[in-house]
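Worksheet: the structure to be examined is printed underneath.
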Amino acid sequence: MSAYVLANAYDQDQVSFQLAPPFPTTENIQLNWNGLAESITITTNPANLNIIVDGTNYSGPQTFSWIPGNEHTIATTSPQQGPGGTQYNFGNWSNGGTMSQTIVTPLANTTYTASFVPYYQPQTISFSVPAPPSVAYGSTFTVGAAASSGLPVVYTSSGACSNAGATYTMTSGTGICSVIANQPGNAIYSAAQQVVEAVNAAPASQMITFTTNAPSSAVYNSSFTVAATATSGLAVTYSSSGGCSNNGATYTMISGTIACSVIANQAGNGNYSAATPINQSVNATLASQTITAGPPAEARDKDTFTVTASGGGSGNPLVFTSSGDCSNSGAIYTMGTKAGTCTGTITQAGNSNYAPATYTWSTTVITVLVAPAVTFTGAPPNAVGGSTFTVTATYPSTQGVPAEVPTITASGTCEAGAVSGSGNTYQATITMTEGSGTCTTTAKWAANFYYAAATQTQKTTGELITPTVSFTGAPASAPNGTMFTVTATSNEAGSYASVPTITASGACTAGSGSSTGDGSYEAIITITKTTGTCTTTAKWAASIEYVAEALTQKTTAEK
């Protein structure tokens, strides 16, 4: 039995129904919708996954126009592969229904979303070439690891190393190097659990090499310099033992018999272990020592002289001996009585640092005194009275013959001061006492056991200076009774300067002369006649330094 319902739709939310007989009893009432259909969207998250709507497969999203109240089935599959190869498992429908469900079309536009959860396959990492347990600073090693997924493994590092891919370099000699392997996964595989292997850092070894070797032997008190380098590049330190000392790489021999050990060290640091010290041995040898002496080459018979000598570094006493035509007591030698040769020898014993030394000489016995090569200099050929000069007397500088001190005298127009000096050279100051005549200076040396007496002289001629004078002030003419002043001026100076006399004759008289205070002198002249000539005269007397001078002036007397 069927029943029909007439429905009138006024809008989507309000519908009126009219039931026409025969009326149903137990059957469902079928509603014929004469109004608007609803837009129903079936989709997935993420989009483009498979959906099944009313038994037909679609790729979401899909939109349908359905009559409200009608039933439809919506479903999906799980798992399924999405874009990029990612595998997804069903999570839930947005309405909370099961994966496959029947829905009744609602009275509104509605979206039903099936949400999916990505599903990644697990993977693990294992080392096929493991890291070594410990590695020295600066060394490298290579590891190998593989992921069960077959995806490439990514290597990183931390701590005491660095890496370039699977190759690791130790950057420290202490601490731990962490070798880290990762596989971040992809659309199919989840990231693998990180695998870390620990490598203990160890100091690298180093060696020392001499680049400048020590000599095989060295003389006492001499120095030498070595050079060494370490393979680490760290600075090498130097030390010594035995017969030497050192200041850095420079070594000084402090013994002539004990070998010197030159030792090079490098203590290491955090990256390098200490190097094995290396050493080189230097044989010590005795230093030579020199005796210096100055015996005379010749000496008179029976003469005695002392040999002055100095020895070497051993500090041992000098031993003097003689042979031939002489004898000695220590350093004092006495020549024989006949012509011949005296041979002297000086020896000095060595010690642990110095070798023995010997000095030998010969002195010839002579019976005639040798004329000494003396010099006497300093006297000029000419000198002004009152001036001074220094004369110098020099005796030969012969070792073993003591210098004679000369006497220096002066005669004639000069005198000599005291003799001064030392060694072989002496001086005296000579003063000229006149401006004329001859000054004779004489140096005399007495004889000694080797040299004869000697005398040297020098001669100097005295000379006078012509002064520059002037005499002014007299007029060409002057009436009787006139007075005028005349002035006499000279460039003479010093204790030998003379004072001029001013006189008058003829038609005038002269008053007393007086100094003007500036080196000039003046006098007042008076005309005493009405005619004739007045002659005024200024005269400078000679001295030991200056010649005499005179100047005149003439004035005609008038009425």
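So the values come out like this:
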read-out	value
Hits in the stretch 494-512 - residues which are buried (at least 18 other Cβ atoms within 10 Å of the Cβ) and either part of a strand (DSSP E or B) or in contact with a Pro (Cβ under 7 Å, 6 or more places away or on another chain) (or both)	ILE502, ALA504, CYS508, ALA510
Among (1) at pLDDT below 95; (2) farther than 30 Å from VAL391 by Cβ, the one test that TYR546 misses	(2)
Candidates ALA146, ALA131, filtered to the one that is of a type in the set (Gly, Ala, Ser), at pLDDT 95 or above and out of contact with any Asp or Glu (no Cβ under 8 Å at 6 or more places or on another chain)	ALA146
Close pairs from the stretch 223-236: first under 14 Å from TYR251 (Cα atoms), partner in a loop (DSSP other than H, G, I, E, B), Cβ under 7 Å, at least 6 apart	PHE224/ALA214; PHE224/PRO215; THR225/ALA249; VAL226/ASN213; VAL226/ALA214; VAL226/ALA249; ALA227/ALA249; ALA228/VAL236
The stretch 80-104, subset modelled with pLDDT of 95 or more and buried (at least 16 other Cβ atoms within 10 Å of the Cβ), residue nearest to GLN194 (Cα to Cα)	TRP93
All strands (runs of 3 or more DSSP E) inside the stretch 270-310 with 3 or more residues being of a type outside the set (Ser, Thr, Tyr), touching a helix residue (DSSP H, G or I) at 6+ places or on another chain (Cβ under 8 Å) and farther than 25 Å from ASN246 by Cβ	none
Residue in the stretch 211-221 that is closer than 20 Å to ALA274 by Cβ, surrounded by 13 or more Cβ atoms within 10 Å (Cβ to Cβ), in contact with a Gly (Cβ under 7 Å, 6 or more places away or on another chain) and of a type outside the set (S, T, N, Q) present	no
Filter result for THR306 (outside the structural domain of THR441 (by TED's automatic domain parsing), among the hydroxyl-bearing types (Ser, Thr, Tyr), closer than 18 Å to ASN448 by Cα and touching an Asp or Glu at 6+ places or on another chain (Cβ under 7 Å))	no
Scope the stretch 373-385; condition modelled with pLDDT under 90 and buried (at least 20 other Cβ atoms within 10 Å of the Cβ); matching residues	GLY385
Residue count for the stretch 332-386, restricted to those that are part of a loop (DSSP other than H, G, I, E, B), aliphatic (A, V, I, L, M) and within 19 Å of ALA452 (Cα to Cα)	6
Residue among ALA309, ALA293, ALA275 that alone is small (Gly, Ala, Ser), buried (at least 16 other Cβ atoms within 10 Å of the Cβ) and closer than 21 Å to THR209 by Cα	ALA275
Residue among THR472, THR482 that is surrounded by 16 or more Cβ atoms within 10 Å (Cβ to Cβ), among the polar types (S, T, N, Q), closer than 30 Å to THR533 by Cβ and in contact (Cβ under 8 Å) with a residue 24 or more places away in the chain	THR482
Residues (crowded, with 17+ Cβ neighbours inside 10 Å, touching a residue at least 24 places away in the same chain (Cβ under 8 Å) and not in a loop (DSSP other than H, G, I, E, B)) located in the stretch 134-147	VAL135, PHE141, ALA145, ALA147
Residues of the stretch 312-321 classified as at pLDDT 95 or above and surrounded by 16 or more Cβ atoms within 10 Å (Cβ to Cβ), total	3
Residues located in the stretch 61-78, provided they are surrounded by 16 or more Cβ atoms within 10 Å (Cβ to Cβ) and either within 17 Å of THR98 (Cβ to Cβ) or under 60 Å from the mean Cα position of the chain (by Cα) (or both)	HIS72, ILE74, ALA75, THR76, SER78
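This table checks each residue for (1) over 30 Å from VAL53 (Cα atoms); (2) without any contact (Cβ under 8 Å) to a residue 60 or more places away in the chain; (3) touching a Pro at 6+ places or on another chain (Cβ under 8 Å); (4) surrounded by 13 or more Cβ atoms within 10 Å (Cβ to Cβ).
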| site | (1), (2), (3), (4) |
| --- | --- |
| PRO106 | no, no, yes, yes |
| ALA114 | no, no, no, yes |
| PRO122 | yes, no, no, no |
| PRO152 | yes, yes, no, no |
| ALA164 | yes, yes, no, no |
| THR167 | yes, yes, no, no |
| THR174 | yes, no, yes, yes |
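The values are calculated or read from the model by the stated rules, or taken from the named source; none is laboratory data. Computed from a prediction, not measured in an experiment: that's the story for all the values here. Cβ sites come from the backbone with ideal geometry, for glycine too, and all protein chains shown count toward neighbours.
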